[in-house]
Amino acid sequence: MHPAYSVIFFTVVSGMGYGLAFFLGIGLLDPATMAAKAAYLSALGMIGAGLISSTFHLKNPHRAWRAFSQWRSSWLSREGVMAILTFIPLTTNAALCVLFDIQSLPLGIAGTVGAAITVYSTAMIYASLRTVDAWHTRLTPACYLAFAALGGTLWTLFFDLLSTGSNALQLSLLSGAAIAGALALKLQWRARVHLQVPNSTPETATGLGHIGAVRLLERPHVNDNYLTREMGFRIARKHAAKLFRLHLIMAYLLPIIMVTLVLVGLTFAGFSAWYAVSAGLSLVFHTIGMFVERWLFFAEARHAVMNYYGG
Amino acid sequence: MTSLPQGSSSRKLGLVIDLDTCVGCHACVVSCKEWNTGGYGSALSDQDPYGADVSGAWLNRVHTFEVIPEGGEVIGEAGEARIVHFPKSCLHCEDAPCVTVCPTGASYKRAEDGIVLVDEDKCIGCGLCAWACAYGAREMDLAAGVMKKCTLCVDRIYNDTFEEVDRVPACVRTCPANARHFGDLGDPHSDVSKLVAERGGFDLMPEQGNRPVNKYLPPRPRTALAGAAALKPGQPEEESTEGATGFLRWLDVALDRI
Ligand code: SF4
Ligand code: SF4
């Protein structure tokens with residue numbers, strides 16, 4: 001599948017924003033601190049930037065409002081509806097926090113639940129497609145949720161360290177657990193992709209398997225078309241393997257080292273706001289690692305229509 | 001509404017495509033584009049139409065496959081491999097995933113005859129329906145930014161101002177090999193249903209669970225050229241030149257000599 005930058009940016013950045021919103025909602029940061037205010041604004045900023053970027057890939061964005069109408073059947077519509085619904089408690093709590101140094105727990109919980117459902121809906125857009133074997137699994141939403149949780153804990157840890165570090169110990173332990181969880185799920189997801197036998201083949205696509213082995217002789221025309229550009233993206237396996245290693249190093253290995261440094265510092269030397277540098281670096285690495293992951297998520301996925309195009 | 005129609009009528013209009021007779025001439029491809037660029041919805045645009053990198057939206061395309069029986073030899077015409085031309089357009093699936101994924105309600109399946117259509121005024125051009133279709137039946141029009149697909153020539157088949165023979169999809173009307181048939185596949189007594197039953201018509205990619213309405217008829221078994229040559233001694237009646245007279249007799253003798 002063609003890796004569209006707008007969609008990669010949207011899913012990675014808004015995923016992290018919703019992760020941060022998730023932990024803000026359950027009150028892990030003290031709303032009186034500057035850090036909490038900055039965290040709320042960052043969460044809203046990431047979610048907003050992601051949603052705006054997602055409209056860049058629409059060919060008629062001025063009608064985007066119509067996408068809220070089909071939540072009964074469409075995960076894309078559900079995602080849109082949930083994104084808007086989640087904005088309500090999230091922006092209210094952000095305003096309360098910025099203006100009055102307080103936040104409401106019921107609203108926070110509503111935002112937390114909304115954030116989780118939104119991320120789940122995003123993932124289900126992909127997981128519900130029977131045409132893409134690699135995506136059509138429960139592991140896809142599991143990974144998306146795990147990545148949002150991981151990004152969210154790293155951001156929350158970062159902001160906590162910027163203020164009083166009151167929850168820093170728990171948050172760094174939680175970050176470690178989130179890294180391990182996300183890593184385990186992603187490895188399982190990828191192992192499944194590599195073991196998979198394609199659900200559809202040129203034989204089933206043409207129904208000619210009863211005669212023999214089917215091979216494309218000629219495409220309908222010599223140039224690319226919308227379908228081959230959109231669905232026919234291919235990446236050499238050796239590059240994919242290299243990029244996946246890069247993902248592992250950036251998204252999990254370097255962040256766990258950074259988080260361990262924080263943890264060691266907290267345990268043996270007490271709190272210092274300087275630890276925020278380490279947490280900040282973990283975020284930078286993790287974000288790069290996630291862009292690589294999301295690029296591969298699309299680039300490696302094979303669409304069933306390629307059975308008609310010899311790909 | 002992009003939920004699929006519930007308890008819909010039993011009418012299932014669709015195509016039956018004969019892979020035995022299709023000669024791969026692409027006439028249906030061209031007549032489809034010709035009709036639909038001026039018909040339903042926006043025109044079917046081409047990008048860089050006279051340049052080297054021309055491409056555009058087409059609703060019907062013909063692919064060509066080579067099928068090699070197990071242990072079959074591939075030696076040009078004499079081998080066992082056979083060429084099958086394969087026209088493909090929307091199959092108007094009963095469980096159309098392209099419809100249910102659409103966030104706007106632009107894609108829908110008609111309850112009365114099962115035709116799957118796009119209301120272009122609602123389409124935001126997100127492309128998700130094209131991702132959901134396993135058959136490559138949907139192509140984005142890059143000029144209008146809306147999704148295009150086969151309408152089963154909904155603007156022909158119900159058009160009372162047309163003569164009866166013309167009230168079929170443009171591709172069916174055009175096909176010089178009569179490889180395309182149009183009718184109600186929900187009616188077991190219709191001509192198309194009988195044809196499917198007779199010839200063992202099948203679904204494409206049944207494992208995708210879309211329950212396509214359109215059916216394909218398999219190529220008939222053939223004798224490889226090598227096998228046909230072996231038939232020589234007992235040549236079929238119509239190939240015998242015995243009894244030819246006059247010019248034809250002379251031609252027969254002359255050709256035998258060469
Ligand atoms: S062939 Fe594709 S576009 Fe047509 S109804 Fe089936 S899934 Fe939808
Ligand atoms: S491209 Fe148009 S018809 Fe297709 S899913 Fe998006 S809005 Fe619906």
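All of the numbers you see were taken from the coordinates with simple rules; none came from a lab. Everything numeric here is computed off the predicted structure, so don't read it as measured data. A quick note on method: Cβ atoms are made from the backbone with ideal geometry, for glycine too, and the neighbour counts reach across all protein chains shown.
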In bins 20 Å wide, starting from 0, what share of all Cα pairs of the protein assembly as shown does each bin hold, as a percent? 19, 42, 26, 10, 2, 0
Return the lysines within reach of B:LYS148: Cα separation strictly under 23 angstrom, same-chain partners fewer than 8 residues apart disregarded; answer none if there are no such residues. A:LYS59, B:LYS12, B:LYS33, B:LYS88, B:LYS109, B:LYS122, B:LYS215
Using a cut-off of 20 Å between alpha-carbon atoms, which aspartates and glutamates can reach A:LYS37, once sequence neighbours fewer than 8 places away in the same chain are excluded? A:ASP101, A:ASP160
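For region A:1-107, which trypsin sites (Lys or Arg not before Pro) pass both filters: DSSP loop (anything but H, G, I, E, B) and at most 16 other C-beta atoms within 10 Å?
Passing sites in region A:1-107 are A:ARG72.
What are the GluC sites (Glu not before Pro) within region B:75-167 that DSSP puts in a loop, where the Cβ has at most 13 other Cβ atoms within 10 Å?
Listed in order of number, the matching sites are B:GLU112, B:GLU163.
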Setting aside same-chain residues fewer than 8 positions from A:LYS242, which aspartates and glutamates have a Cα under 15 Å from its Cα? A:GLU293, A:GLU300
7 Å from Cα along Cα→Cβ at both A:ALA95 and B:ASP187: what's the point-to-point distance in nm? 6.2 nm
Three principal axis extents, largest first, for the C-alpha atoms of region B:1-128, in Å? 54, 43, 24
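Check each of the trypsin sites (Lys or Arg not before Pro) in region A:186-237 and keep only those in coil by DSSP with at most 14 other C-beta atoms within 10 angstrom; list them in order.
Answer by residue number: A:ARG234.
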Estimate the FRET efficiency between B:THR64 and A:LEU187 by the formula 1/(1 + (r/R0)^6), using the beta-carbon distance for r and 41 Å for R0, to the nearest 0.05. 0.50
From the residues A:VAL259, A:SER73, B:SER193, which one has its Cα farthest along the dipole of the protein assembly as shown in the positive direction, the dipole being from +1 and -1 charges on Cβ of Lys/Arg and Asp/Glu about the Cα centre? A:VAL259
For the Cα atoms of chain A, what angle does the longest principal axis make with the long axis of helix A:168-195, in degrees from 0 to 90, nearest 10? 10 degrees
Give me the orientation-averaged projected area of the Cα convex hull of chain B, in nm², one decimal. 20.3 nm²
Sequence-distant or interchain residues sharing an amide H contact under 5 Å with A:TRP71, placed H: which? none
Residue by residue through region A:118-134, the couplings from Karplus 6.51 cos²θ - 1.76 cosθ + 1.60 with θ = phi - 60°, in Hz, x for Gly and Pro, are 5, 4, 4, 5, 4, 5, 5, 4, 7, 5, 7, 7, 6, 6, 10, 3, 4
Of all the Cα-Cα pairs you can form in region A:82-135, what percent are over 15 Å apart? 54 percent
For the Cα atoms of chain A, what angle does the longest principal axis make with the long axis of helix A:237-247, in degrees from 0 to 90, nearest 10? 10 degrees
Could you give the size of the charge dipole of the protein assembly as shown about its Cα centre, using +1 on the Cβ of each K and R and -1 on the Cβ of each D and E, expressed in debye and rounded to the nearest 20? 1660 debye
Given a Förster distance of 41 Å, report the FRET efficiency between B:PHE162 and A:TRP65 from their Cβ-Cβ distance, rounded to the nearest 0.05. 0.60
Applying the Karplus parametrisation 6.51 cos²θ - 1.76 cosθ + 1.60 with θ = phi - 60° to the phi angles of region A:21-29, what ³J(HN,Hα) value in whole Hz is obtained for each residue in order, glycine and proline being reported as x? 4, 4, 7, 5, x, 8, x, 7, 10
